[in-house]
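Working notes for the structure below.
Derivation of every value follows stated rules applied to the coordinates shown; laboratory data play no part. Treat the numbers as computed from the prediction; the structure is a model and nothing was measured. As a convention, Cβ positions derive from the backbone with ideal geometry for all residues, glycine included, and neighbour counts pool all protein chains shown.
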Amino acid sequence: MKYILWIAIFLFLQGCSVKQSPMKAYTLHGDTNQKAYGYKFKDKTVKVAYPQGLKEKMGQNMQFSYSDTEYGSYQNSKWSNTVGQLLQGIFIQTLQQSGLFRGVFSYTSTAQSDYRLESTIFDFSHRIRGNASDAIVSVQFFLIDSNSGQMVKSRLFSYAVPTATTDAKGYVDATNIAIGMLNRDLIAWFEM
């Protein structure tokens, strides 16, 4: 009798469980196929450092905000990797495919490099204000001479791209547009 009671309780609890939507993982791609036409760095190499975040953790959570003080994370959507790793990969791929440098390495590489590209993420989130919705990408880059440790130049790039929808997919689509714009402007900045 006791055995039957435990089975009944187990089946009852199984029937009461709430079915949740499956977790969706998104990645960044942007347009990384930006060709460089300048030859200033053709014989140079660069290491791309892991981006540093200032405001939020640079994890896999997809951040949104309804005001300057109300923040949250999507429950059933996340990035396929940490934001820092995704962005570092995008930056490396963009610089490699541009042909701007002789070599582009991850910061963990033991190879010597002429320059180090550091970045600080000021904002990487979905901003929702009433019916308006934007993907926000704000990144500052620092080009450092590896030999002297001196900063060669720096620049802040900020984008607010309207989303087609106010959900995670709309945010991801708009973010990838912003990343494509960032990649284009990053190459142009190196050529200046």
Original post:
With springs only between Cα atoms under 10 Å, which of Thr110, Thr69, Thr32 fluctuates most in a Gaussian network model of the chain?
Top reply: Thr69
Original post:
Ordered by packing density, taken as the mean number of other Cβ atoms within 10 Å over each peptide's residues, highest first, how do 70-78, 123-131 rank?
Top reply: 123-131, 70-78
Subject >> Considering only the chain, percent of DSSP beta bridges that pair antiparallel, nearest 5 >> reply: 65 percent
**OP:** List, in the order given, every pair from Lys35/Lys78; Lys40/Lys153; Lys44/Lys153; Lys44/Lys78; Lys47/Lys169 whose Cα-Cα distance in the structure shown is over 25 Å.
**Re:** Lys35/Lys78; Lys44/Lys78; Lys47/Lys169
Subject >> Matching label, P(r) over Cα pairs in 5 Å bins from 0, in percent computed from the structure shown, candidates (i) 1, 7, 14, 18, 15, 11, 9, 7, 5, 3, 3, 2, 2, 1, 1, 0, 0; (ii) 1, 8, 16, 20, 21, 16, 9, 4, 2, 1, 1, 0, 0, 0; (iii) 1, 7, 14, 17, 19, 17, 13, 8, 3, 0, 0 >> reply: (i)
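Relative contact order for the chain: what percent, with Cα pairs under 8 Å and sequence separation of 6 or more?
Working: 374 pairs, mean separation 49.6, N = 192.
After rounding, I find 26 percent.
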Subject >> Cross-link reach list, aspartates and glutamates versus Lys42, counting only Cα pairs under 16 Å and skipping chain neighbours closer than eight places >> reply: Asp114, Asp145, Glu191
Subject >> Inter-probe distance in nm under a simple model that places probes 7 Å from Cα toward Cβ, at His29 and Ser148 >> reply: 4.2 nm
Original post:
Taking the chain as a Gaussian network, where each spring joins two C-alpha atoms under 10 Å apart, which residue of Asp134, Asp68, Asp31 fluctuates the most?
Top reply: Asp68
Original post:
Hey, in the GNM for the chain with a 10 angstrom Cα cutoff, which one of Ala174, Ala135, Ala36 fluctuates hardest?
Top reply: Ala36
Subject >> the range 120-171, dipole about Cα centre (Lys/Arg Cβ +1, Asp/Glu Cβ -1), debye to the nearest 20 >> reply: 80 debye
Original post:
What is the spin-label model distance, in nm, from Lys40 to Met192 if the labels are put 7 Å beyond Cα along the C-beta direction?
Top reply: 0.9 nm
Original post:
Where does helix 83-98 land angle-wise versus the long Cα axis of the chain, in degrees 0 to 90, nearest 10?
Top reply: 40 degrees
Subject >> Point-charge dipole on Cβ atoms (K/R +1, D/E -1) for the chain, about Cα centre, debye to 20 >> reply: 380 debye
